[in-house]
Amino acid sequence: MRNRKAPRYQGRITSWKDEEGFGFITPNGGGPTVFVHIKSFASRQARPAGNEIVTYHVSTNAAGKPRAEDVAFVSARAPQAVPATQPARFSIALGFMGLLGLCVVLDKVPGRIFAAYLVMSVIAFLTYSADKAAARNNERRVPERKLQLLALAGGWPGALMAQGILRHKWKKKAFMDVFWGTVVVNCVALGALLTPAGRELFGPLLGLP
């Protein structure tokens, strides 16, 4: 058990990987960097972005390396609490599903297509959630290729919801560039499927009337 009278140190977060939930603190006055995990912060209401000044206690991990504990922000630019949602992502996801549902009601789109998007979205959301948990616990991650394939297969509305609620993957530009590409391809494929020629060609394969 850590001694409550152990000294507190001050340093700056010079490296932070938000998706993985960890980074490193460079102590004031120099010295080796200290590992810090998101679970070590005294307050979970705000997350670091990097370059914040913090105070902390030092413990060691199983390998004997320094690890920050009871971390607290002291910088004037301590990060603000992160919004729980990202309205633009919600608007796109819910707007698409709402429009698709309206098309079903108007008999423009088969109900099974709406059901397929709904099921794939739920699967995508749960998969993002599992990957987020794995990142925080330093466990085996879900391959990014799988996340992109779920989006391509119709799970992208659920993926957008997960990115907004869980704050997962949305900062990774390379991933998001591919993700938006899968959204475009999926929507183009859906539009082509709903044309008379598309339904005639692919309808029997998908069990559409």
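The values are calculated or read from the model by the stated rules, or taken from the named source; none is laboratory data. Owing to the predicted nature of the structure, the values given are computational and were not obtained by experimental measurement. FYI the Cβ positions are ideal-geometry reconstructions off the backbone, even for glycines, and counts take in every protein chain you see.
The listed residues are A135, A153, A49, and the only one of them that is surrounded by 14 or more Cβ atoms within 10 Å (Cβ to Cβ), part of a loop (DSSP other than H, G, I, E, B), within 20 Å of the chain's Cα centre (by Cα) and not basic (K, R) turns out to be A49. If only residues of region 156-189 that are in a helix (DSSP H, G or I) and aromatic (F, W, Y) are counted, the one that is surrounded by the fewest Cβ atoms within 10 Å (Cβ to Cβ) is W180. State whether one or more residues within region 190-204 are among the hydrophobic types (A, V, I, L, M, F, W, C), buried (at least 19 other Cβ atoms within 10 Å of the Cβ), at pLDDT 80 or above and assigned by TED's automatic domain parsing to the domain that holds I123. Taking every residue of region 190-204 in turn, none turns out to be among the hydrophobic types (A, V, I, L, M, F, W, C), buried (at least 19 other Cβ atoms within 10 Å of the Cβ), at pLDDT 80 or above and assigned by TED's automatic domain parsing to the domain that holds I123. Considering each residue of region 67-91, count those that are modelled with pLDDT of 85 or more and among the basic types (K, R), and give that number. The qualifying residues number 2.
When R47, R67 are checked against the criterion of being out of contact with any His (no Cβ under 9 Å at 6 or more places or on another chain) and in contact (Cβ under 8 Å) with a residue 12 or more places away in the chain, a single residue qualifies: R47.
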